[in-house]
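Read the structure below first, then the notes.
Laboratory data are not the source of any read-out in this text; all were calculated from the coordinates shown. Predicted model only: the values in this text are computed from it and were never measured. Using ideal geometry, Cβ is built from the backbone for each residue, glycine included, and neighbour counts are taken over all protein chains shown.
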Amino acid sequence: MIIAIDDMRDHVGADIVCRNIDAARFVFMAFHGKGAWDLLLLDHDLGGRETGMDFLKWGHRFGMLPPEIVLVTDNPVGRKNMEAFLENDAGYHRKLGSNVYVKG
């Protein structure tokens with residue numbers, strides 16, 4: 001299943017769209033352990049105090065990140081920070097020529 005965390009965009013094909021971090025955490029906790037999430041579409045700026053980077057850190061800390069993550073942010077600094085976290089801390093690598101990050 002595909003989940004998107006984005007305060008503004010609708011993502012065609014996503015099974016669930018969460019508009020903020022609290023909703024995303026609730027959904028991830030409710031479905032975690034059931035193999036529900038194959039792909040996360042993640043924005044950085046979520047219209048509140050917390051960002052997509054905060055969600056990455058939380059998801060990584062609790063082992064809840066799915067095997068593939070696509071960064072859908074227009075924020076270049078936020079994107080670079082999330083890319084660095086995925087590659088250096090969370091064990092993801094970028095698929096060549098894309099903005100898709102794969103675990104392992």
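Annotations
- Here D45 fulfils each of the conditions (1) touching a helix residue (DSSP H, G or I) at 6+ places or on another chain (Cβ under 7 Å); (2) closer than 24 Å to G91 by Cβ apart from (2).
- Which numbered condition E87 fails, given (1) farther than 19 Å from D7 by Cα; (2) under 12 Å from the mean Cα position of the chain (by Cα): (2)
- Strands (runs of 3 or more DSSP E) (entirely within the chain) containing at least 2 residues that are crowded, with 19+ Cβ neighbours inside 10 Å and out of contact with any His (no Cβ under 6 Å at 6 or more places or on another chain): 2-5, 39-42, 68-71
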